[in-house]
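Worksheet: the structure to be examined is printed underneath.
Derivation of every value follows stated rules applied to the coordinates shown; laboratory data play no part. These figures come from a predicted structure and were not determined experimentally. All Cβ positions, even for glycine, are placed from backbone atoms using ideal geometry, and neighbour counts span all protein chains on display.
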Amino acid sequence: MAAAPSQQQASASPLPPQKPPLAARPPQAQHRGPAQAQAAAPCIFCKIASGQSKSYRVYEDASFVAILDAFPVTEGHILLIPKMHYKTFFDMDDPELAAAFATTRKLAAVLRKALGADSFNIATAPSAIDHFHIHLMPRYDYDLMGPLADLDNKREMSADRMAGIQKKILAFLGGGGAAPDAAGSAKAKV
Ligand SMILES: [Zn+2]
C-alpha cells in the first residue's frame, strides 16, 4: 500500500501553515474561574450560583445550578446556569456544553413527572445578563401557545405559587429530603 496522499503532500506542501491545534491557541476564556473570582463586578447569575442572591433553586451539582425563572413564561420555567461565568456557549468546551444539555434533559424529565409537562422549549436568548444560561420551558397542551413559547410574554407569579412549584420539583429531585426555600439553599441531585 502506498502512503496516504495527504501525508506525501504534507511533507512538501506549498500550502501556508495551518492553524495551530486548539491546545496551542491562546485561551479565549482566560477569566474562567469560580464565581467568587468575579469580585470586581459579580453578575446576578454569579451571585445566585454562589448563593449570595436569593432564588428559587431547584438543582445544583458541581458545575451547574438551576433556578425557577423569576418571570416565567410557563409554570416551571427553569434557568440552567453554569457556575462559571461564561458569556456565551462559545466560551464553553464541548464536554461542558454536553453536560449542560444532559442536565437540562434530566430536569425536563423531572418536570414531566412533577408538573405534568407535555413537551418543552429549550432555548438560549439575548439577555441583559451577560452569563450564559439555558431556558427550559415546560409546555402544556392547555397553554395555547404556538410551537415556541414567547420569552417576551413573561409574568410574575406569587411567592406562594413559586414556592409550590419549587417544592413539587424538589420532591422528585431530592426524594423529599431537600427542604425547599426561597433563599437558594435547597440542593438536590438527580
Ligand atoms: Zn456571572
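Here are some notes:
- Residue list for the stretch 62-104, given a label point 7 angstrom along the Cα-to-Cβ vector of GLN52 and an amide N cut-off under 16 Å: 83-86
- Stokes-Einstein diffusion for the stretch 34-145, with the hydrodynamic radius set to the Kirkwood value over Cα pairs and evaluated at 25 °C in a medium of 0.890 mPa s, equals 171 µm²/s.
- Chain lengthening between ALA62 and ASP118 when straightened (0.36 nm per residue, less Cα-Cα): 17.3 nm
- FRET E, pair TYR140, ALA41, Förster distance 35 Å, beta-carbon r, rounded to 0.05: 0.35
- Annotation: amide H-H contacts under 5 Å for ASN121 (H modelled 1.01 Å from N, sequence separation of 5 or more, or interchain): MET137, ARG139.
- Length gained when the stretch ALA109-LYS154 is fully extended (0.36 nm per residue, less Cα-Cα span): 13.9 nm
- Among the listed pairs LYS47/LYS87; LYS47/LYS83; LYS106/LYS168; LYS87/LYS154; LYS47/LYS154, those beyond 18 Å (Cα-Cα): LYS87/LYS154; LYS47/LYS154
- Distant-in-sequence amide H partners of VAL65 (H built 1.01 Å from N, under 5 Å): ILE81, LYS83
- Residues TYR59, TYR142 arranged by fewest to most Cβ contacts within 10 Å: TYR142, TYR59
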